[in-house]
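In what follows, a single structure is set out as structure tokens and then discussed.
The values are calculated or read from the model by the stated rules, or taken from the named source; none is laboratory data. Just so it is clear, the structure is predicted and the values come from calculations on it, not from any experiment. Every residue, glycine among them, receives a Cβ derived from its backbone with ideal geometry; neighbour counts consider all protein chains shown. For the accessible areas, the whole protein counts, side chains as well, though only heavy atoms, and no ligand, DNA or RNA atoms are used. Shrake-Rupley method; radii C 1.70, N 1.55, O 1.52, S 1.80 Å.
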Amino acid sequence: MLVTGGTSGLGLAMASALAATGATVALTGRSGERAESVAAGLPGATGVEMDVRDESSVARAVDRAWSRLGGIDMLVNNAGIGMRTVNPRFMTQPQGFWEVPSDAFRAVIDTNLTGYFLVAREITPRMLASDGGRIVNISINHSTMRRAGFVPYGPSRAGSEALSRIMAADLRGTGVTVNLLLPGGATVTGMLPQDVVAPEDHGFLRPAVMGPPIAWLASDDAAGVHDERIVATEFGQWLRDWESRR
């Protein structure tokens, strides 16, 4: 299993949850040294350097992870950067889209949208040749995609969600499944603005909320689950509804 952006935040929470099930996990980060250091703290995990914006870096990392793991049966597309990289005080002092520097816009789109595409494009042919696999693309609430002051983060995630739906349509019936997973609210990660103090007092979610749904999506019970949008905070109800539809 490969988790991109797995050195912190949601990625680390999901990699930890998968490793706890006994899965062999490769987690990626732009710094190979940091990825290896973080992976050393998880049972059986390995760290791999990957810059999701760069095709050659993606190809090298997938080759390395595929070799180390003996194949990749699940990709968790998670690597991303948030509004903090564009406007450190985006919650209290939002900027209009016309105030966003073009290079900052491109950096977020390249990471959050193009990155999902490049990694999935590299892994999908291998999964098809191996008769199956699972892709989980991490998303956000729809309200965040259209929130004032959230250019370019909102558009980047709206694009990645549309990409996920098209991937699911393209891969229907192939044995490779594609699903969306999102926390269901603002989460305590490095993406929070600098001026948020004591986030636990503001009702923010903990990254561990992603653990149960990602572990389930990797399980035998989730075989064949395809083109679903799962909100982690509502996972229990979603699972009951899904089981009733079977």
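Summary of computed values
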item: Nitroxide proxy distance, nm - points 7 Å out along Cα→Cβ at T85 and E33; result: 2.1
item: Protein-only accessible surface order, largest first, of R240, R126 at 1.4 Å; result: R240, R126
item: Stokes-Einstein D (µm²/s) once Rh is taken as the Kirkwood radius of the stretch 42-119 over alpha-carbon pairs, at 20 °C in 1.002 mPa s; result: 148
item: For the chain: relative contact order, % (alpha-carbon pairs under 8 angstrom, 6 or more apart); result: 20
item: Rg over Rh [alpha-carbon atoms, Kirkwood Rh] for the stretch 65-199; result: 1.03
item: Stretch gain in nm, segment A223-R106, where the contour uses 0.36 nm per residue and the Cα spacing is subtracted; result: 38.5 nm
item: Summed side-chain charge close to R165 - residues other than R165 whose Cβ falls under 15 Å, Lys, Arg +1, Asp, Glu -1; result: -1
item: The stretch 204-209 - phi-based ³J(HN,Hα) in whole Hz, Karplus 6.51/-1.76/1.60, Gly and Pro as x; result: 5, 6, 8, x, 4, 4
item: The chain, accessible area per residue, ligands and nucleic acids excluded (1.4 Å, Å²); result: 45
item: Globularity index of the chain, i.e. its alpha-carbon radius of gyration over 2.2 N^0.38 Å; result: 0.97
item: Karplus 3J(HN,Hα) series, Hz, for the stretch 224-229 with 6.51 cos²θ - 1.76 cosθ + 1.60 (x for Gly, Pro); result: x, 5, 9, 6, 9, 10
item: Accessible surface of the stretch 94-246 [probe 1.4 Å, protein heavy atoms]: carbon and sulfur percent; result: 53
item: The stretch 36-54-the stretch 167-182 distance, computed between alpha-carbon centres (Å); result: 25
item: Largest to smallest accessible area among S67, S57 [probe 1.4 Å]; result: S67, S57
item: Note, ³J(HN,Hα) from phi for the stretch 116-123, Karplus 6.51, -1.76, 1.60, rounded to Hz, x at Gly and Pro; result: 4, 4, 5, 5, 5, 5, 6, 8
item: Normalised convex hull volume, the stretch 8-50, alpha-carbon set, Å³ per residue; result: 51
item: Distance in nm between pseudo-label sites at R121 and T92 (7 Å out along the Cβ direction from Cα); result: 4.1
item: In the stretch 139-187, trypsin sites (Lys or Arg not before Pro) in a DSSP loop with at most 13 other beta-carbon atoms within 10 Å; result: R146, R172
item: Geometric extent, Cα atoms of the stretch 130-170 - Rg, Dmax (angstrom); result: 12.6, 44
